[in-house]
Structures are given as C-alpha cells and as structure tokens.
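Notes for the one structure printed next.
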C-alpha cells in the first residue's frame, strides 16, 4: 500500500505544472508594472502596446487573485492576457497605425527577393537607414505574403511572425514534456505556451514588429531537442541552423550548446552539431537568396557593417529593454563622466 502511494505521488509530481497560481499572480503583477511604466515613458507603437498590455495584465492579475480558491482554470485569465497583450494590440497596430521600420524592412526585403533573388540592396542603392536589411535571408519569408499580393492583416509580417513563433513555442514545450502523449502533459504544454506568448518578452516585440520572437522560439526548440541525448540532440542543430539563417543574434548559441554537448556526449557529437547548424544555416540562406551569394559587398554592408554602426547611415533604433535603459541612465553608465 505504501509503495502504491509513493508511485502515485511520483506520477503527480511529474505532471504537476511549474506555473502555480501564486507564480502566475506574481508574474502577471510584474508584467502589469512593466507595461504601465512603458506606457508612461515611451511613445509611438511601444506606447500603444503598453496601454493595451497594462490593462490586460492588470485584469489578469485581478482574475488570478480572485479565482485562486476556485476551480476556474488558470488558462482563463491567461487567455485574457494573451488577447489583451498580443492579439488586440497586434490587430490595432497592423490596421490603424503606420508600419514600424522593422515591418517595412521585412516587406521590402521580400519584394527585393522575388524581383532580384536577393533581399539586399547594393551599396550604391543604400540611400538612407531604412534601405538597409540587417537580417539574414530567411527572415524575408515573413514578408512574402505581402510581396505575393496579400492584403489586410494577412499582408503584415507581424501576423506571420506571431503564428510561427507561437507554434514553435508550443513545439518546444511539447518536446520538453515528460510524456509526449498524455492528457496532463498536453494541458501543461498549452498552459506554458499561452503564458510564454502573452509575456512581454514575446508579446511586445511581436505586436510592434521586432524580429526576435521567431529566433527565440527556435532557440527554445533547440534547447528542448538538445536536452535529450542521442540522435534527437542532432536535430537541435537543424533548429539552430534555421534560427541562424534568420538572424545573426542566434550565432552565439552555437558554441554554447556545442560545449554542453561536448561535456555530455563528447567532442565528436559537439562538432557534428556545429556542422549540422552551419550546413542548415548556409543552405537555407543560399536557397532563400541565391543572388546574394554573387554580391558579397551588399551582404556585408547590410548584415555586418550596418548593425555594427560602420556605415554612412546610422540606425535610430532604440529599445525599452533593460540593457538599453541601463545605457541611457547617464554618463556613468557609459564608463565616464564627472563627479
């Protein structure tokens, strides 16, 4: 009898979800505070998102607090958060506000890709900072619907980035689940996906058109695959290669995960992972933009020199994320200044 009780307790602990009501309450309160601050101190698309999100996170916080002793599923307030912090501001910004620079760049790169086989303008055609495309070739895929003639919401790259990001986040949680086919695990995957997608880390950049979420989602898939030894870990190289073909910010993850694999499975497995990542990244880039291979100066100007601030035209882009805010706190943050 005692053995049976222990077995039941172990099974329950395996399927117990990490996101308790208390944790969700604390997280939602923190999200509401962040969005409120953003609504006060920023403007433009960032402020629009923040106003929607502050209300959504606030309502979610109240709902979780009020229903913490009831049988109402945690999914209900989290869906309110998802609708208010992602769905509503995304639709509002896509239909009533001029596209953000990131959205314009992705749309332009997709048009160039269809017309010329490359998403990059030649150095002599780079008339201003919006002419540059700092992304890797695969990022242009999100602008293809508009380039192919789509209109309305379906023409906005943010919609496709949102759908792809949420789907990949769900895949990552599904791969990380203890059991891939049981009902409790499926509910936990859905809960984790909604929570992650409605968080400011994902919802904010998706709504305003920042291109990080699809890359972040692919990195989550990479980690979920790499967490388990064997051939499945090698599929992590495919996921990371796809992320690297979208944005160069994914590249630093290659040596980090390779080091993890080397520690667990040996140097040979690590090099195999690096090779798969490189082949997939190069293959997707060549497939997406064959003409870019014939014009290295354009590729370097757009994807290397421009992000580093080494081109004639400088980007005015700024971010309300912690690193940027820290850099803006004054001369002391920049390592100089007076007493």
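The values are calculated or read from the model by the stated rules, or taken from the named source; none is laboratory data. Keep in mind it's a predicted model, so treat the numbers as computed, not measured. When we count neighbours, we look across all protein chains shown, and the Cβ atoms used for this are built from the backbone with ideal geometry, even at glycine.
Assorted remarks:
- Counting the residues of the stretch 206-223 that are in contact (Cβ under 8 Å) with a residue 60 or more places away in the chain and either surrounded by fewer than 22 Cβ atoms within 10 Å (Cβ to Cβ) or closer than 17 Å to residue 87 by Cβ (or both) gives 5.
- Just one of the listed residues (203, 226) is crowded, with 20+ Cβ neighbours inside 10 Å and under 29 Å from residue 84 (Cβ atoms), namely 203.
- When each of 53, 39 is tested for being under 24 Å from the mean Cα position of the chain (by Cα), surrounded by fewer than 20 Cβ atoms within 10 Å (Cβ to Cβ) and within 21 Å of residue 201 (Cβ to Cβ), the lone residue that passes is 39.
- Top-ranked residue in the stretch 117-146 [being part of a helix (DSSP H, G or I) and at pLDDT below 90; ranked as nearest to residue 49 (Cα to Cα)]: 130
- Some residue of the stretch 174-183 being surrounded by fewer than 22 Cβ atoms within 10 Å (Cβ to Cβ), at positive phi and touching a helix residue (DSSP H, G or I) at 6+ places or on another chain (Cβ under 7 Å): no
- Residues of the stretch 64-77 that turn out to be surrounded by fewer than 21 Cβ atoms within 10 Å (Cβ to Cβ) and not in a loop (DSSP other than H, G, I, E, B), as a count: 4
- Only listed residue being crowded, with 22+ Cβ neighbours inside 10 Å and either in a helix (DSSP H, G or I) or touching a residue at least 12 places away in the same chain (Cβ under 8 Å) (or both), chosen from 164, 171, 103, 80: 103
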